[in-house]
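The values are calculated or read from the model by the stated rules, or taken from the named source; none is laboratory data. Owing to the predicted nature of the structure, the values given are computational and were not obtained by experimental measurement. Cβ placement follows ideal geometry from the backbone for every residue including glycine, while neighbour counts extend to all protein chains displayed.
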Amino acid sequence: MTYAQLKEELIAYSKTIGIDKIGFASADAFLTLKDRLLVQQELGYQSGFEEPDIDKRVNPELSLPKARSIISIALAYPSRMKDPPKSTKGDRRGVFCRASWGKDYHHILRDRLKKLEDFLNEKVPEAKTLSMVDTGALSDRAVAERAGIGWSAKNCAIITPEFGSYVYLGDLLTTLPFEPDTPITDQCGTCNKCVDACPTGALIQGGQLDSHKCIAFLTQTKGFLPEQYRKKLGNRIYGCDTCQQVCPKNKGIDVHNHPEMEPDPEIAKPRLIPLLTMSNREFKERFGDISGSWRGKKPIQRNAIIALAHFKEESALPVLKTLLTSDPRPVIRGTAAWAIGKIGRTDEEEMILKHAEKLEKDEDVLNEIKKGLDLLETNVTRN
């Protein structure tokens, strides 16, 4: 069998196991990517979640010696939820981004890549393979771009002609020398809607992202959320879809090819107040199967508090007061204090904050209590 025949067989097989798109690229070093990554590093735009060694990110042979080809796969995920629950006064809800709907995509893509590996190993036992999903050293987007899956767009996502940017990406390195596919020409043109719509200005220019301003990144941090971003968060508790939602290439696209990616509305758009008192066990049982749970419950609970403040949800005040006075985590106590000031309008809130101020030892929390008192004073004055 020739490599051309094997490639065709692999493409045909991929369709039988639920891969929506597959492309092939050379395993040559990504030299232009290295230049971009160095600039990102110099500007301090990296998130800290990526592989720190730039050489590993751009040289496939550092991950798999004698790598000759990289197979890129894409699986399309839904952009719309059937019968989404309403967020109403007294029953406010937060939202997970679309990439966190359904079962954790890491597991789904690893399953597909493992099947591809097994297929290749059966056909060519001496072949070496290595699969990566999201957390691997290589840039999934750079591989997908080279493999003709889509183009690297101004919103820093891969846009496919068939599925827009609503796709998960995975890579499979191999020592087999497959003929590479042709990259797709950039089709963003003069459109700048994603850059203009970014809530925090994180898209500095087309294709360049300051991760530390990106809401998707900020929702995953574990410390205090910088105050200038809190009102930008809205009701997002994990991730952000704004740059995808405004993209004309995503208009009308809503793919439901994979049952395991279908969202449970009560998980993808959960009630906020019950989130605040969940135990670790309850959180894991309820949210453990989705990708948005990977950082644990603290960032989600912090974001839920900010979302309740965004809604000025007065029914949340009792639980916020309890968190302020009894939660062992400074980030939760402090964010609750700030939220009480944002929502509250009575002498009772002022009394609670001042009492907590006398007992609090943590400087960061004390700073948030002060912010809460200042906000409360503003609310009372407006009344």
Within the set of pairs 6 or more residues apart or between chains, which connect a residue that is closer than 18 Å to C97 by Cβ inside the range 194-216 to a residue that is modelled with pLDDT under 95 and among the hydroxyl-bearing types (S, T, Y) with Cβ atoms less than 6 Å apart? S211/Y45; S211/S47
It is to be established whether one or more residues within the range 9-23 are of a type in the set (D, E, K, R), under 14 Å from L172 (Cβ atoms), modelled with pLDDT of 95 or more and within 26 Å of the chain's Cα centre (by Cα). yes
Those residues of the range 85-94 which are in contact (Cβ under 8 Å) with a residue 12 or more places away in the chain and either assigned by TED's automatic domain parsing to the domain that holds A12 or more than 23 Å from the chain's Cα centre (by Cα) (or both), in sequence order: K89, G90, D91
Residues of the range 330-370 being of a type outside the set (A, V, I, L, M, F, W, C), buried (at least 17 other Cβ atoms within 10 Å of the Cβ) and under 22 Å from P226 (Cα atoms), which ones? P330, R333, G334, T335, G341, K342, G344, E360, E368
Tabulated pairs, the range 312-337, first at positive phi, second at pLDDT 95 or above and crowded, with 20+ Cβ neighbours inside 10 Å, C-beta under 6 angstrom, 6+ apart or interchain: K312/I343
Looking at (1) buried (at least 22 other Cβ atoms within 10 Å of the Cβ); (2) among the aromatic types (F, W, Y); (3) in contact with a helix residue (DSSP H, G or I) (Cβ under 8 Å, 6 or more places away or on another chain); (4) over 23 Å from L37 (Cβ atoms), which is the only condition F178 fails? (1)
Note: among E61, E51, E122, E117, just one is under 20 Å from C214 (Cβ atoms) and not small (G, A, S), namely E51
Per the filter on the range 81-104, residues closer than 29 Å to L116 by Cβ and assigned to a loop (DSSP other than H, G, I, E, B) are C97, W101, G102, K103, D104
Restricting to the range 134-166, count the residues that are outside any loop (DSSP other than H, G, I, E, B) and among the aromatic types (F, W, Y). 1
Taking the range 209-237, which residues are under 24 Å from D362 (Cα atoms) and hydrophobic (A, V, I, L, M, F, W, C)? L218, F224, L225
Considering every residue within the range 80-93, establish whether at least one is modelled with pLDDT of 95 or more and surrounded by 19 or more Cβ atoms within 10 Å (Cβ to Cβ). yes
Kindly establish whether W101 is under 30 Å from T32 (Cα atoms), crowded, with 20+ Cβ neighbours inside 10 Å and among the aromatic types (F, W, Y). no
If you take the residues in the range 4-16 that are surrounded by 14 or more Cβ atoms within 10 Å (Cβ to Cβ) and not charged (D, E, K, R), which one is nearest to L75 (Cα to Cα)? S14
May I ask you to list the residues in the range 107-133 that are in a helix (DSSP H, G or I) and touching a strand residue (DSSP E or B) at 6+ places or on another chain (Cβ under 9 Å)? I108, L109, R110, R112, L113, K114, L116, E117, L120, N121
What pairs can you find where one residue is in the range 157-183 and under 18 Å from R112 (Cβ atoms), the other is assigned to a strand (DSSP E or B) and basic (K, R), and their Cβ atoms are less than 9 Å apart, with a gap of 6+ or different chains? T160/K21; E162/K21; F163/K21; V167/K21
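Looking at E61, E42, which is the one that is closer than 26 Å to L218 by Cα and out of contact with any strand residue (DSSP E or B) (no Cβ under 7 Å at 6 or more places or on another chain)?
One residue alone meets the criteria, E42.
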Only one of A356, A307 that is closer than 15 Å to L233 by Cβ and of a type in the set (A, V, I, L, M): A307
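If you check S152 against the conditions, is it within 22 Å of P60 (Cα to Cα), surrounded by fewer than 22 Cβ atoms within 10 Å (Cβ to Cβ) and among the small types (G, A, S)?
Here the answer is no, as S152 does not meet what is asked.
Residues are listed down the side, and each one gets a yes or a no for (1) closer than 17 Å to G48 by Cα; (2) part of a helix (DSSP H, G or I):
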| residue | (1), (2) |
| --- | --- |
| I204 | no, no |
| A216 | yes, yes |
| Q220 | yes, no |
| G223 | yes, no |
| Q228 | no, yes |
| I237 | no, no |
| C240 | no, no |
| C243 | no, yes |
Restricting the range 49-67 to residues that are in contact (Cβ under 8 Å) with a residue 60 or more places away in the chain, surrounded by fewer than 21 Cβ atoms within 10 Å (Cβ to Cβ) and touching a helix residue (DSSP H, G or I) at 6+ places or on another chain (Cβ under 9 Å), which is nearest to T129 (Cα to Cα)? S63
